[in-house]
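Below you'll find the structure, written out as structure tokens, and then a few comments.
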Amino acid sequence: MKMPNKRCLDTRSGYSLVEVTLALLVVAIGITATFALFPEGLRAARASVDDVEIGMFSEYVFTTLELAAALDGEGWNISGTRTLRTRALSEDHEDGSLLRTGTGNVFYWIPQDYSLGDGDYEAARVAGFWTTAFTYDLEITSGVLSMVVLRVWPGEVRGSLDNARVFYREILAGR
């Protein structure tokens with residue numbers, strides 16, 4: 001039987017430095033691409049939450065205005081919303097009204113039914129805690145049939161008209 005050459009036994013197989021470097025480069029590119037998707041996902045999630053909250057806010061505004069029109073009749077106006085505060089949305093503006101017409105109004109959604117863990121349901125209001133803020137423009141064309149246009153932006157800053165969520169409703173005053 002012939003003995004194998006000693007040199008053949010010492011030969012080791014493996015990856016070269018170039019192959020390892022290329023493999024690490026491919027992995028790094030993949031990880032970088034994956035991490036680049038996270039901020040876009042967070043932006044999409046925030047936009048989705050904003051759309052839902054703005055839809056709820058617009059429904060709240062229109063319901064409040066319809067109640068004021070139903071209670072006050074043909075002479076209803078925005079000041080009639082003062083008495084129509086709900087428990088969850090009961091923070092007044094400086095002038096005592098709940099909603100205001102005009103541009104650049106900010107509405108703070110203050111969760112007064114949240115106890116912040118201590119059982120004090122007024123603690124959120126006292127602490128100035130708010131969960132969401134909207135900037136809105138409210139236009140009301142009064143008459144027997146009032147036309148209401150509501151433009152809403154998420155946050156405390158009014159954006160451009162192109163970025164506004166626009167809602168329209170016709171309100172018939174109660175007789």
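The values are calculated or read from the model by the stated rules, or taken from the named source; none is laboratory data. This one's a predicted model, so the numbers in the text were calculated from it and none came from an experiment. Please note: Cβ atoms are built from the backbone with ideal geometry, for glycine as well, and neighbour counts cover all protein chains shown.
Observations on the structure shown:
- Cβ-Cβ under 7 Å pairs, at least 6 apart or on other chains, the range 19-45 side farther than 30 Å from Pro154 by Cα, far side of a type in the set (A, V, I, L, M) and outside any helix (DSSP H, G or I): none
- Test: residue in the range 158-166 that is outside any strand (DSSP E or B), at pLDDT below 75 and either under 17 Å from the mean Cα position of the chain (by Cα) or within 19 Å of Val49 (Cβ to Cβ) (or both): no
- Remark: Asp95 falls outside the filter, which requires a residue to be more than 22 Å from Arg46 (Cβ to Cβ) and at pLDDT 60 or above.
- Test: residue in the range 68-87 that is exposed (fewer than 13 other Cβ atoms within 10 Å of the Cβ) and at pLDDT 85 or above: no
- Matching entry among Glu53, Glu40 (being assigned to a helix (DSSP H, G or I), closer than 30 Å to Arg151 by Cα and at pLDDT below 90): Glu53
- Among the residues of the range 131-144, the ones that are in a strand (DSSP E or B) and either at pLDDT below 85 or touching a helix residue (DSSP H, G or I) at 6+ places or on another chain (Cβ under 6 Å) (or both) come to 3 in all.
- Those residues of the range 158-175 which are more than 16 Å from Asp72 (Cα to Cα) and touching a Gly at 6+ places or on another chain (Cβ under 9 Å), in sequence order: Arg158, Arg165, Phe167
- Hits in the range 139-157 (condition: within 14 Å of the chain's Cα centre (by Cα) and within 16 Å of Leu99 (Cα to Cα)): Val152, Trp153, Glu156
- Of all residues in the range 8-49, those that are within 28 Å of Ala164 (Cβ to Cβ) and either surrounded by 10 or more Cβ atoms within 10 Å (Cβ to Cβ) or of a type in the set (Gly, Ala, Ser) (or both) total 9.
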